[in-house]
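The values are calculated or read from the model by the stated rules, or taken from the named source; none is laboratory data. None of these values were measured; they are calculated from a predicted model. Cβ placement follows ideal geometry from the backbone for every residue including glycine, while neighbour counts extend to all protein chains displayed. Calculation scope for accessible area: heavy atoms of the full protein, side chains included, ligands and nucleic acids excluded. Shrake-Rupley method; radii C 1.70, N 1.55, O 1.52, S 1.80 Å.
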Amino acid sequence: MRQTFEDLAKVAIERYKDKNFCTVAALALSLDWSYGKAHRHMKSYGRRQRCGMRQTEWLPAITDAVNKEGKSIRELSDKALNGMTIGRFAKVMSVGTYYVTVRGHALCIRNGVLHDWTANTAARRRIRTVYKVEG
């Protein structure tokens, strides 16, 4: 992994003066991109500085980014998730890279490790969608 979430957040806050960058951070960590590259990519899909993104904006953005890397992305079914929490998902799916969304937030789980500022507190939040990055 190129960088930790803490390194990436430091760049986002200090260099880019950004906030509400969870979709950018999740993309950067999912594809091992720099914050700047992920930031520019999300901006090209309509993300405004210091603002979050709606699913209708970030889903095409991450799909395109994954395709550019020669990888694929697939959504895990609701049946597989069955109301699962972030913490449970990280334990069950301990291998692979996942772009995960919960209500109002996005994060990355790589090999069972939660990469996000909520890593120590969000384990009980219910997952909305999960996209597995493959390849």
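Yes/no matrix, rows are residues, columns are (1) free of Cβ contacts under 8 Å to residues at least 24 places away in the same chain; (2) touching a strand residue (DSSP E or B) at 6+ places or on another chain (Cβ under 8 Å); (3) among the charged types (D, E, K, R); (4) over 21 Å from Ile109 (Cβ atoms):
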position	(1), (2), (3), (4)
Glu6	yes, no, yes, no
Ala9	no, no, no, no
Cys22	no, yes, no, no
Leu31	no, yes, no, no
Lys37	yes, no, yes, no
Met42	yes, no, no, no
Thr63	yes, yes, no, no
Val66	no, yes, no, no
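Selection of segment 114-135 for residues being exposed (fewer than 14 other Cβ atoms within 10 Å of the Cβ), on the phi < 0 side of the Ramachandran plot and in contact (Cβ under 8 Å) with a residue 12 or more places away in the chain yields Arg124, Arg126, Glu134. Which of the residues spanning segment 80-92 are in a loop (DSSP other than H, G, I, E, B) and open to solvent by less than 60 Å² (accessible area, probe 1.4 Å)? Hits for segment 80-92 are Gly83, Met84. Just for segment 1-24: of the residues that are in a helix (DSSP H, G or I) and aliphatic (A, V, I, L, M), which one is surrounded by the fewest Cβ atoms within 10 Å (Cβ to Cβ)? That would be Ile13.
Residue-level check: of (1) part of a helix (DSSP H, G or I); (2) surrounded by fewer than 22 Cβ atoms within 10 Å (Cβ to Cβ); (3) hydrophobic (A, V, I, L, M, F, W, C), Leu27 misses just (2).
Filtering segment 40-60 to residues that are surrounded by 13 or more Cβ atoms within 10 Å (Cβ to Cβ) and either of a type in the set (Phe, Trp, Tyr) or touching a Lys or Arg at 6+ places or on another chain (Cβ under 8 Å) (or both) leaves Tyr45, Met53, Glu57, Trp58. Checked against the criterion of being small (Gly, Ala, Ser), open to solvent by 20 Å² or more (accessible area, probe 1.4 Å) and in contact (Cβ under 8 Å) with a residue 12 or more places away in the chain, the candidates Gly104, Gly96 yield just one match: Gly104. Of the residues making up segment 61-79, those that are open to solvent by 60 Å² or more (accessible area, probe 1.4 Å) and not in a loop (DSSP other than H, G, I, E, B) are Asn67, Lys68, Arg74, Glu75, Asp78, Lys79.
Is it the case that Ser77 is closer than 25 Å to Gly135 by Cα, hydroxyl-bearing (Ser, Thr, Tyr) and in contact (Cβ under 8 Å) with a residue 12 or more places away in the chain? No, not satisfied.
Of the residues screened, Arg47 is one that is closer than 21 Å to Val11 by Cβ and outside any helix (DSSP H, G or I).
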